[in-house]
2 protein chains.
Amino acid sequence: MSWVDGQPAEGLPIHDRGLAYGDGLFETIKVVGGQPELLDRHLQRLTRGCQRLAIPCDIDLLNNNLSAFCAELGRGVAKLIVSRGEGRRGYAPPIPCRPRIVLTGSPLPDYPNAHAEQGVRLFPCTTRLAEQPILAGLKHLNRLEQVLARAEWQDSVFAEGLMRDSSGRVIEGVFSNLFIVDSDRLMTPSLERCGVAGVMREEVLERAQQAGVSTHIGDLSLDQLHRADEVFMCNSLYGIWPVRQLDASVWPVGPVTRKLQCLVNDLSSNT
Amino acid sequence: MSWVDGQPAEGLPIHDRGLAYGDGLFETIKVVGGQPELLDRHLQRLTRGCQRLAIPCDIDLLNNNLSAFCAELGRGVAKLIVSRGEGRRGYAPPIPCRPRIVLTGSPLPDYPNAHAEQGVRLFPCTTRLAEQPILAGLKHLNRLEQVLARAEWQDSVFAEGLMRDSSGRVIEGVFSNLFIVDSDRLMTPSLERCGVAGVMREEVLERAQQAGVSTHIGDLSLDQLHRADEVFMCNSLYGIWPVRQLDASVWPVGPVTRKLQCLVNDLSSNT
């Protein structure tokens, strides 16, 4: 199932700047009972991205499109792409600019239950994230770093990969954000230089604060990660996966992780 | 005029990874008399890019496609995109992988003759190039930095913009490479950390060496640029533009630049 600008379509006009330059943004949205989960957070991030890239997207129109699409999809993943639209040769943004809204539906991923229950093992990716503050945090369409990182392993013993920035700081997974628990404090890397600010990361931070868990956003070294009491990954499709192993380090599934899993699982039952 | 995988087409299948992740490469090729200029250099760069990104592209097939397209185009710009092809959700490269070849034609740009004759003024872009050695030099589809840099100015008094890396080194233009002449020596920035290794840059380096001009590739500071005797930009469509002005610095069109313009203009008459 796929729509372009509100109409069922299998193809994208060839001069779209999404293809030419990755000139756009996307959201990957869990849809249950015809309703998009964490919708406000997805729309907020998209709005921030459009502002940063100066893409004049009509968010109300987009929201109407998305609602109708999710209602028809029922249950699955709605991938929403907003591109800067049609353009001829050259980097200069077209004037006038008519952003394009692309929606595609797919089934919910069938991750093993063991990922959430017993935890996952991380692959230590060698592909580094370049530091680019003007694009940091956005879920834009320039994703070659993630493609190269994900191509580093095929063995399904690794459910996710760990990505560091070019200075060696720990940043995130290939398709998830990362948290550690250190002396009962929850910590997640700063995404001021690179990385994608996941909507589930925001949800986890807010739920933790509401539950009285102290939270902190800052720089995280590999050494700090290895010394952490608990480690977990999160994204909007699977919620929270405890991390069981990275290289020689092994972690139990800790109490803070379990507590946050419960809080975040509420999410699905609420929608 | 546009072809997808050798067939005339106006649309691209919506699940193409070129759109989803910018997972591909491109070349912008000048076509005169039905023939692509600097073809070997374009194909070499594309081959290097496919190797680096592990895109299993059949270069002979692509070359046949391109030849037929250029013959039909006659005169203009052939933009060639190679994407990793169709993929469902997720960063993991699809297995099997069938790369897609997209060709679009457009007229040659109508730059004023004054750009090549009297030189151009550069806009000092504030958008910096992130340092990412694994992607450096490639003409890949992740081009948001160039889009943001090109959006910094609208005034046509600036024909190009100057881009620096996040450490402040001078790297290139938004759609060109940069050279300076310093004490009769030709110098162009290293593209080991970021930047696009233009085919005209290679051509200029080779022609200069053949003409007995000493050449050097290395790091270039903004200070060195301002102190240079001559500055010029180049790309495969317009050849060489002398740089007349950047901020408070003003340069004459110097003898080395003029000599190289003559050498590079030969190119068109040869094809």
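The values are calculated or read from the model by the stated rules, or taken from the named source; none is laboratory data. Bear in mind that the values here come from a model prediction, so they are computed numbers and not experimental data. Cβ atoms come from the backbone with ideal geometry, glycine included; neighbour counts cover every protein chain shown. Ligands, DNA and RNA are excluded from the accessible area calculation, which covers all protein heavy atoms including side chains. Shrake-Rupley method; radii C 1.70, N 1.55, O 1.52, S 1.80 Å.
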- line: Helix A:255-270: inclination vs chain A longest Cα principal axis, degrees, rounded to 10, gives 30
message: With every atom except the alpha carbons ignored, what do you get for Rg and Dmax of chain B, in angstroms?
response: 18.8, 55
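Grab the eigenvalues of the alpha-carbon gyration tensor for the protein assembly as shown, scale each by 5, take roots, and send me the semi-axes largest first in whole angstrom. Walk me through the numbers on the way to the answer.
Working: eigenvalues 379, 140, 84 Å².
The answer is 44, 26, 21 Å, longest axis first.
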- prompt: Can you work out ³J(HN,Hα) from phi for every residue in region A:128-143, in order, using Karplus 6.51 cos²θ - 1.76 cosθ + 1.60 and θ = phi - 60°, giving whole Hz and x for Gly and Pro?
  reply: 9, 8, 5, 8, 9, x, 5, 10, 4, x, 6, 9, 8, 8, 8, 10
Pairwise FRET efficiency - B:Glu152 versus A:Arg121, Cβ, R0 = 51 Å, nearest 0.05: 0.70
field: Total accessible area lost when B and A pair, probe 1.4 Å, Å² to nearest 100
entry: 4300
- request: With θ set to phi - 60°, apply the Karplus curve 6.51 cos²θ - 1.76 cosθ + 1.60 along region A:88-99 and write out the HN-Hα couplings as whole Hz, x wherever there is a Gly or Pro.
  value: 8, 4, x, 6, 4, x, x, 10, x, 10, 10, x
- prompt: log₁₀ I(q)/I(0) of region B:64-136 at q = 0.18, 0.19, 0.27 Å⁻¹, via Debye over equal Cα point scatterers, no solvent, to two decimals?
  reply: -1.01, -1.01, -1.10
query: Quick one: label points 7 angstrom along Cα→Cβ at B:Pro94, distances to the other copies in nm, smallest first?
result: 2.5
- line: Given Cβ charges of +1 for Lys and Arg and -1 for Asp and Glu, the option among B:His115, B:Cys97, A:Pro252 whose Cα lies farthest towards the positive end of the dipole of the protein assembly as shown is B:Cys97
message: Starting from the 7 Å offset along Cα-to-Cβ, what nm value, one decimal, do you get for the label separation of A:Gln209 and A:Thr47?
response: 1.7
- request: Find every distance from the label point of A:Pro109 to the corresponding label point in the other copies (7 Å from Cα along Cα→Cβ) and write them in nm, one decimal, shortest first.
  value: 4.0
Spread of Cα-to-Cα distances over 10 Å intervals beginning at zero, given as percent, for region A:113-270: 11, 44, 36, 8, 0
field: Fraction of beta bridges assigned by DSSP in the protein assembly as shown that are antiparallel (%, nearest 5)
entry: 75
message: What number results when the radius of gyration of region A:2-106, computed over Cα atoms, is divided by 2.2 N^0.38 Å?
response: 1.04
statement: homo-copy label distances at A:Gly218 (7 angstrom along Cα-Cβ), nm, one dp, ascending, are 4.1
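Can you tell me which of B:209-218, A:8-17 comes out highest on packing, and rank the rest after it, using the mean Cβ neighbours within 10 Å?
Working: B:209-218: 12.2, A:8-17: 17.9.
The packing order, highest mean first, is A:8-17, B:209-218.
Once you charge only the Cβ atoms, +1 for Lys and Arg and -1 for Asp and Glu, what is the size of the charge dipole of the protein assembly as shown about its Cα centre, to the nearest 20 debye? Write out the running numbers ahead of the final one.
On the way: 56 positive and 64 negative charges, 32 e Å.
About 160 debye.
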- prompt: Amide H to amide H, which residues 5 or more places from B:Phe175 or on other chains are under 5 Å from it, using H placed in the peptide plane?
  reply: B:Gly161
statement: Placing +1 on each Lys and Arg Cβ and -1 on each Asp and Glu Cβ in the protein assembly as shown, then taking the dipole about the Cα centre, the residue among A:Leu38, A:Leu129, B:Ala228 whose Cα reaches farthest towards the positive end is A:Leu38
statement: The rounded separation in angstrom of the Cα centers of region B:32-92 and region B:157-184 is 27
query: In peptide A:90-101, how many Cβ atoms from other protein chains are near each Cβ within 10 Å, on average?
result: 3
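When the helix-only estimate is applied to chain A (DSSP H runs of n ≥ 4, each -39,500 (n - 2.57), divided by the residue count), what is the mean residue ellipticity at 222 nm, nearest 500 deg cm²/dmol? Show your work: numbers first, answer last.
Working: 8 runs with 81 residues, N = 271.
Using -39500 (n - 2.57) per qualifying helix, the result is -9000 deg cm²/dmol.
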field: Heavy-atom accessible area, 1.4 Å probe, ligands and nucleic acids excluded: residues of region A:1-25 down by at least 50 Å² from chain alone
entry: A:Leu12, A:Ile14, A:Leu19, A:Tyr21
message: What is the distance in Å between the Cα centroid of region B:196-251 and that of region A:207-261?
response: 50
- prompt: For region B:1-113, with only Lys/Arg (+1) and Asp/Glu (-1) charged at the beta-carbon, what is the dipole magnitude about the Cα centre, in debye rounded to 20?
  reply: 420
query: With charges set only on the Cβ (+1 for Lys and Arg, -1 for Asp and Glu), what does the dipole of region B:150-271 come to about its Cα centre, in debye to the nearest 20?
result: 120
- request: At 1.4 Å probe size, with every protein chain present, just tell me what the per residue accessible area of chain B comes to in Å².
  value: 39
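On the accessible surface of chain A, probed at 1.4 Å, how many percent belong to carbon and sulfur atoms?
Numbers: 5160 of 10700 Å².
That share works out to 48 percent.
What's the extension gain from A:His226 to A:Lys259 if we count 0.36 nm per residue and subtract their Cα-Cα distance?
On the way: separation 33, 0.36 × 33 = 11.88 nm, distance 2.15 nm.
Net length gain for the segment: 9.7 nm.
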- request: Taking amide H positions as placed in the peptide plane 1.01 Å from N, state which residues far from B:Ile55 in sequence (5 or more) or on other chains have amide H under 5 Å from it.
  value: none
query: Quick one: Karplus J couplings for region A:107-121, per residue in order, coefficients 6.51, -1.76, 1.60, θ = phi - 60°, nearest Hz, x for Gly and Pro?
result: x, 4, x, 9, 5, x, 4, 4, 4, 7, 7, 9, x, 10, 9
query: Given H placed 1.01 Å from N in the peptide plane, which residues other than close sequence neighbours of A:Leu129 have an amide H under 5 Å from its amide H?
result: A:Arg164, A:Asp165, A:Ser166
